[in-house]
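Right, one structure below, let's go through it.
The values are calculated or read from the model by the stated rules, or taken from the named source; none is laboratory data. Since the model is a prediction, treat every value here as computed from it, not as a measurement. Every residue, glycine as well, gets a Cβ built from its backbone with ideal geometry; the counts of neighbours run over all protein chains shown. The protein model used for the area step is the full one, side chains on, heavy atoms only, and it has no ligands, DNA or RNA in it. Shrake-Rupley method; radii C 1.70, N 1.55, O 1.52, S 1.80 Å.
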Amino acid sequence: MPYCVVTAAAAAVAGGAHAQEEEVRIFYQRYGQGATKVLLIIGFAGTYESWGPQVKGLTGAIEPVDEEAPAGDDSGAAEGVEVCCFDNRGMGHSSVPEQKSQYTTAIMAKDALALMDHLGWRKAHVFGHSMGSMIASKLAAMAPDRVASLALLNTTGGGYQCIPKVDWHTISLACRFLRARTPEQRAILDLEVHYTKEYLEEAVGSSTRRQMLYQEYLKGLSSGGMQSRHGFEGQLNACWTHKLSTKELDRIRLAGFFVLIIHGRDDVIAQLYYARRLAEKLQPAAKLVELHGGHLVSHERPAEVNMSLMEMIKASKSNTDLEEWSNLPKKSDDNRSDFWCLLDQLVLSVSEMVMA
């Protein structure tokens, strides 16, 4: 199986001078072939396979590339798209470090950059979903020269923003999540968390989409196993400690590449409100696309999501300027942005004290 080995030295640079960590192996798969490179970063407890609808939509491929072929050989496919998706540390076929401190979005962004180096990619369109969007945005802030464009799907700013909107439905889901011990229990819960009820009840042949997806989820969980405790706690730590400073937001906003934020209006995990706020902070580089769907809007609305992603790739190659790309109102000259930044800092500080 194809792996990228992340050295302990590289991880220490991302995690700080005192970070101690063993060698980490990142499992990946490549699809398609072409000069346009796309790196897909999946979210919490997800595997590379979750990007299936986007892999097929962007490349037309179903089977991964033969890794015996040179990664940089684009002869005859200059106009094509090559996609790489991978399992984050703590999940799937990748290594599972035991210490929570070995999981931060900065360290995981370094994993992604190491993978790009391994593939020989100088630059790529970087797309992330949920926790993967936090990793993608951290990567963009750390190495903006490596990013051709940035897409953030069902994103939040990390920390307290990861807390779902509190109502009886989300409380019930949280309680059931904590009690889920078997693949069957987890599969039922995952469907309710990631998809809208309307989508799940759609007829597919003689059954419903819920029944069909349940079997697929169960097969995946049974073959790959449920996420380990170390992986779960580590990735949760990465989400909770994630933060983009004003300086980092400015590095992304002023880097010159397009930013696309796609969000499902019915997402019960990542609140739409925070995605809108992030889009406002990333003006004039950001475009916001809201679609009817849940947390996995990339699965519920693959045609619209893939079309938006391809539009950004094409716009990145054209002479489209940032203000022409953005669909958001121009920033006013008042102090509202400063107010929201201060409010974010205040709430984050309070939440950190509560968790300490």
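Applying a threshold of 9 Å to beta carbon distances and a minimum spacing of six or more residues, or different chains, the list of pairs starting in region 248-259 at a residue that is among the charged types (D, E, K, R) and ending at one that is assigned to a loop (DSSP other than H, G, I, E, B) and surrounded by fewer than 20 Cβ atoms within 10 Å (Cβ to Cβ) reads Arg253/Gln283; Arg253/Pro284. Elements of the type helices (runs of 4 or more DSSP H) sitting completely within region 166-252 and holding at least 3 residues that are within 29 Å of Pro97 (Cα to Cα): these cover 168-179, 183-194, 209-224, 229-241. Can you go through Val96, Val55, Val81 and tell me which one is hydrophobic (A, V, I, L, M, F, W, C) and out of contact with any helix residue (DSSP H, G or I) (no Cβ under 8 Å at 6 or more places or on another chain)? Checking each option against the conditions leaves just Val55.
Can you spot a residue in region 117-126 that is open to solvent by 10 Å² or more (accessible area, probe 1.4 Å) and either under 25 Å from Arg209 (Cβ atoms) or within 16 Å of the chain's Cα centre (by Cα) (or both)? Yes, region 117-126 has at least one match. The requirement of being polar (S, T, N, Q) and either modelled with pLDDT under 95 or under 24 Å from Tyr199 (Cβ atoms) (or both) is satisfied by Ser222. The set of residues in region 221-237 being out of contact with any Gly (no Cβ under 8 Å at 6 or more places or on another chain) and open to solvent by less than 40 Å² (accessible area, probe 1.4 Å) consists of Leu221, Gly225, Asn237.
Per-residue answers, yes or no, for (1) under 23 Å from Glu198 (Cα atoms); (2) modelled with pLDDT of 95 or more; (3) of a type in the set (A, V, I, L, M):
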| residue | (1), (2), (3) |
| --- | --- |
| Asp266 | yes, yes, no |
| Leu288 | no, yes, yes |
| Gly294 | yes, yes, no |
| Ser298 | yes, yes, no |
| Ala303 | yes, yes, yes |
| Glu324 | no, no, no |
| Pro329 | no, no, no |
| Ser332 | no, no, no |
| Asp338 | no, no, no |
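Consider region 282-304 and keep the residues that are part of a strand (DSSP E or B) and among the charged types (D, E, K, R). The one that is surrounded by the most Cβ atoms within 10 Å (Cβ to Cβ) is Lys287. Only a single criterion out of (1) of a type in the set (S, T, N, Q); (2) assigned to a helix (DSSP H, G or I); (3) closer than 29 Å to Arg276 by Cα is not satisfied by Thr155, namely (2). When Ala270, Ala279 are checked against the criterion of being modelled with pLDDT of 95 or more and assigned to a loop (DSSP other than H, G, I, E, B), Ala270 stands alone in meeting it. Taking first residues from region 129-141 that are over 17 Å from Tyr48 (Cβ atoms) and partners that are modelled with pLDDT under 95 and small (Gly, Ala, Ser), the Cβ contacts under 9 Å between residues at least 6 apart in sequence or on separate chains come to Met134/Gly157; Met134/Gly158; Ser137/Gly157.
One residue stands out among those in region 135-194 that are out of contact with any helix residue (DSSP H, G or I) (no Cβ under 8 Å at 6 or more places or on another chain) and among the polar types (S, T, N, Q): the one that is least open to solvent (accessible area, probe 1.4 Å), which is Thr170. Taking the conditions exactly as written (of a type outside the set (Val, Ile, Thr) and in contact with a Gly (Cβ under 9 Å, 6 or more places away or on another chain)), does Ser133 satisfy them or not? Answer is yes for this residue.
Counting only helices (runs of 4 or more DSSP H) wholly contained in region 37-149, the ones carrying 2 or more residues that are out of contact with any Pro (no Cβ under 6 Å at 6 or more places or on another chain) and within 17 Å of Thr241 (Cβ to Cβ) occupy 105-119, 131-142. If you go through region 262-280 and keep only what is out of contact with any Gly (no Cβ under 7 Å at 6 or more places or on another chain) and either of a type in the set (Ser, Thr, Tyr) or surrounded by 21 or more Cβ atoms within 10 Å (Cβ to Cβ) (or both), you end up with Ile262, His263, Ile269, Ala270, Tyr273, Ala275, Ala279. Residue count for region 107-116 under the criterion of being touching a helix residue (DSSP H, G or I) at 6+ places or on another chain (Cβ under 7 Å) and open to solvent by less than 10 Å² (accessible area, probe 1.4 Å): the result is 5.
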